[in-house]
Amino acid sequence: MADPLSIAASIAGVATAGFAIAKGLYRISDGIGSSGIEVRAYGDEIAAFAKVLSQLRTEVLNPTWASPEVQSLVDDAVHLCDRILEPVKAMLKTLSPLLERFNESKSKLGQFGLRVQWIFSYKEKLLFYRSALNSQHRLLQTLLDLIILQATKDRSPQNIWYVER
């Protein structure tokens with residue numbers, strides 16, 4: 001089992017990658033016209049995911065944040081998220097030169113070519129990784145809620161009343 005500091009470091013790395021991917025998607029969305037609205041929505045989802053990770057990292061740094069089982073589950077989920085984000089980063093690296101070429105040549109044909117390449121080459125892949133990331137997002141959000149609930153329960157006074165009739 002990983003210690004909280006290494007889990008927090010992993011979370012920070014994945015969150016940083018998420019924010020970088022969101023920024024790259026925003027840049028691409030600005031360059032591909034009407035198809036860009038959809039890409040921007042994907043960027044928004046990944047940015048929201050990265051924010052959940054940032055909040056989770058804050059909770060992980062709390063000294064009594066979770067049981068060893070929950071720590072292991074969070075660590076596994078974060079590593080899976082990293083593996084999901086790697087191909088998305090690779091797609092962005094491939095699309096970046098195309099976007100630079102498009103920005104240099106403002107012709108409608110260039111914009112059309114980038115849209116066609118987006119639709120046929122990358123959209124399906126991004127939708128697959130989006131679905132996988134959304135599953136992890138739900139899992140991590142649930143874990144975060146449980147961790148916060150447990151921490152709140154531990155800090156609040158416990159009053160148990162027994163009433164006889």
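Read-outs throughout are calculated quantities, based only on the coordinates presented, and are distinct from any laboratory measurement. Being a predicted model, the structure only gives us computed values, none of them experimental. Here Cβ is always computed from backbone atoms with ideal geometry, including for glycine, and neighbour counts include all displayed protein chains.
Suppose a student asked you for the relative contact order of segment 1-94, using Cα pairs under 8 Å spaced at least 6 residues apart; what percent would you report? Rounded, it is 43 percent for segment 1-94.
Each residue of segment 5-11 was assigned a 3J(HN,Hα) from its phi angle through the Karplus curve 6.51 cos²θ - 1.76 cosθ + 1.60 (θ = phi - 60°); the sequence is 5, 6, 5, 4, 5, 4, 4 Hz, with glycine and proline shown as x.
For residue 143, the shell of other residues with beta-carbons less than 13 Å away shows a net charge of -3, using +1 for Lys and Arg and -1 for Asp and Glu. For the peptides 16-22, 129-135, residues were scored by their other Cβ atoms within 10 Å and the scores averaged per peptide; the highest-first order is 16-22, 129-135. From most to least packed by mean Cβ count within 10 Å, the peptides 79-92, 140-153 give 79-92, 140-153. In this Cβ point-charge picture (+1 for Lys and Arg, -1 for Asp and Glu), segment 1-89 has a dipole of about 340 debye about its Cα centre. Charge tally around residue 45: other residues with Cβ under 14 Å, Lys/Arg +1 each, Asp/Glu -1 each, net +3.
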